[in-house]
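Only the coordinates and a few stated rules stand behind these numbers; no lab work does. What you see is a predicted model; the values in this text were computed from it and never measured. Methodologically, a virtual Cβ is constructed for each residue, glycine included, from the backbone with ideal geometry; neighbour enumeration extends over all protein chains shown.
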Amino acid sequence: MRIAIFNWRCLRHPQAGGSEAYLYEQARRWAVQGHDVLWFTARPSGTSREENHDGIRFIRGGGTYTVYLFAALNYLRQATFDVILDVENGIPFFTPVYARVPVVLLIYHVHTDVWAREASWLTAKVGSWLERKVMPAIYRRKQIVTISPSSEEMIDRLFGEHRPIHLVYSGFSDELVPGSKAEQAEIVYLGRLRKYKSVDVLLRALHRLSDLSLTLRLAGQGEDEPRLRELAASLGLTNVIFQGYVDEDEKRKLLQRAWVVVNPSSMEGWGITNIEANACGTPVVGADVPGIRDSISPGQSGLLVPHGDDNALADAIRLLIEDDTRRNEMSRTACEWAARFSWQAASEAFMKILEQETAVTKESGDE
């Protein structure tokens, strides 16, 4: 099968995150199976225009917004495909407008609140309008895939009456296994540093834990870093380490060493880092919001607290840091929770959806 993927980022993008990992881990498995996979994406500085990696052919061009036009023009220059996987990260690529092959829409999560938090007034208005009004009209008859029950509910509300939405969960790397914990308590945040991730809430919670001997490692980068550094300084936090970008090997070590991983975000499609931490035997304290509440099993793999409540977040972290017995038991049960998810199962489930959509289209054409 010839598969064209439209996604605004790839794993080589400096702002790549869990959503890019979700798609990449499946696409490379499709390539191993013999499928022809072409990925249209933006071209950040320092990356090549074309590249073959793990059997996937990447064609890059454009930036955050111009990638949509670039991808459309380059798609039209390519050979015919059997199916298109159109990825919505706030704005989809609107491929049904110009493509004449089956289209499957992948939505990680609905971005309504994120638009208001992250974008300028005009960009937020336009982006929200495209997502709430234009996207449902253009994709109403297309198959939709998402990654969590919370996202499924939000998409149902957005699209109204629609055919069933397919749910395909994330997996995690086989290299993520339990390891030795740090001798002194370490807390880890792993993800992009953006306002909607609410890392500032974590810093305020840490301030409430000043009586404990612990270190917070912030692994990730993003435009919110200067503000977070200023906040840490104003709170007098000397136990915060801004790790910046970390590769897969360093990520594994951080998750293994951590006593607790914290995910204070206001919204996630799923929260892949939660499962990755659990696979390393590390419980997660997360905000009780869409996506995160789906990827954390309260009392088994971690704890949920109200979003934005730094006092409740501090209490939950303190509970796991001070109660060795509970933390160690949750470390064990977190591994059991993570074992329910795998990239192989995800890639097989997603491929069935692509194959079924292609088969249905062919049957309709034959009639």
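Tabulated data for the structure shown
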{"item": "Sorted by Cβ neighbour density within 10 Å, fewest at the top, the residues THR325, THR123", "result": "THR325, THR123"}
{"item": "Magnitude of the charge dipole, the range 191-249, Cβ model with Lys/Arg +1 and Asp/Glu -1, debye to 20", "result": "300 debye"}
{"item": "Positive-end residue, the range 185-338 charge dipole about Cα centroid, Cβ charges, pick of GLN243, PRO290, ASN328", "result": "GLN243"}
{"item": "Overall Cα dimensions of the range 92-174, principal axis frame, Å, largest first", "result": "39, 35, 26"}
{"item": "Cα centre as origin, Lys/Arg/Asp/Glu Cβ charges: the range 185-338 dipole, Debye", "result": "140 debye"}
{"item": "Order by protection proxy (mean Cβ within 10 Å, highest first), peptides 167-176, 64-73", "result": "167-176, 64-73"}
{"item": "Between helix 149-159 and the chain: long-axis angle, C-alpha atoms, 0 to 90°, nearest 10", "result": "40 degrees"}
{"item": "Degrees separating the helix 67-77 axis from the principal Cα axis of the chain, which is the longest one", "result": "30 degrees"}
{"item": "The range 170-319, Rg to Rh (Cα coordinates; Rh as Kirkwood inverse mean 1/r)", "result": "0.92"}
{"item": "Cα convex hull of the chain - mean projected area over all directions, nm²", "result": "18.0 nm²"}
{"item": "The range 141-212 - Kirkwood radius from inverse mean 1/r over Cα pairs (Å)", "result": "16.6 Å"}
{"item": "Order of LYS352, LYS251, LYS181 under a 10 Å beta carbon neighbour criterion, fewest first", "result": "LYS352, LYS181, LYS251"}
{"item": "Ordering of 329-337, 266-274, 209-217 by burial proxy (mean other Cβ atoms within 10 Å per residue, highest first)", "result": "266-274, 329-337, 209-217"}
{"item": "ILE241, ILE56, ILE91 arranged by Cβ crowding within 10 Å, fewest neighbours leading", "result": "ILE241, ILE91, ILE56"}
{"item": "Along principal axes, Cα extents of the range 8-153, largest first, whole Å", "result": "40, 36, 30"}
{"item": "12 Å beta-carbon shell around LEU237, net charge (K/R +1, D/E -1)", "result": "+1"}
{"item": "Dipole of the chain, positive direction: furthest Cα of THR123, ILE275, ALA314, with charges on the beta-carbon", "result": "THR123"}
{"item": "Helix-derived mean residue ellipticity, 222 nm - over the chain, DSSP H n ≥ 4, -39500 (n - 2.57), to 500", "result": "-12500 deg cm²/dmol"}
{"item": "Value of Rg to Rh for the range 45-123 (Rh from inverse mean 1/r over Cα pairs, i.e. Kirkwood)", "result": "0.99"}
{"item": "Student exercise, the chain dipole from Lys, Arg, Asp, Glu Cβ charges, in Debye to nearest 20", "result": "880 debye"}
